[in-house]
1. Looking at (1) at pLDDT 90 or above; (2) surrounded by 18 or more Cβ atoms within 10 Å (Cβ to Cβ), which one does residue 136 not meet, given that it meets all the others?
2. Just a yes or no: is a residue in the stretch 146-157 surrounded by 16 or more Cβ atoms within 10 Å (Cβ to Cβ) and under 21 Å from the mean Cα position of the chain (by Cα)?
């Protein structure tokens, strides 16, 4: 399995590469956000490990651009020294599959990679033949326009709980983890209007 590691600290990048190669992975390295983004778009790695504090584009910006550019993005894991709660919440809200802090416990990282890559193999294209109910399409359309569940509930005359229920159903059908990914995937499949 091919892992792209985007890490601006060259020593850290070499350490990560060496550890993961010893565990049987093929590792590609880039050292800034723009080069990382180009490598993702060009090489389609099986998984991305990305620092947040990068030159050119931050890790957050790389993830945002990947989710817009690719209809079936690879699993994306932040690997960072930022241990504060807000950074982790920001990464997860953007749609990161995981958030691992440094110093790296390589045994834990290995298990995360195995789990993420195992799911990728099992669900190589989970969105083929997806059908969304009318209400699921409506809530995803409003979500794609930046509306919160509470705002969507007011617009459609539903409870917030019902809106969240429809978003969760759509996420499950589309095989994604977040509402942002669901909106992007549904748009790319032509299930909702951009």
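1. For residue 136, the failing item is (1).
2. Taking every residue of the stretch 146-157 in turn, at least one turns out to be surrounded by 16 or more Cβ atoms within 10 Å (Cβ to Cβ) and under 21 Å from the mean Cα position of the chain (by Cα).
The values are calculated or read from the model by the stated rules, or taken from the named source; none is laboratory data. Just so it is clear, the model here is predicted, and its values are computed rather than measured. Note that each Cβ is placed from the backbone with ideal geometry, even for glycine, and that neighbours are counted across all protein chains shown.
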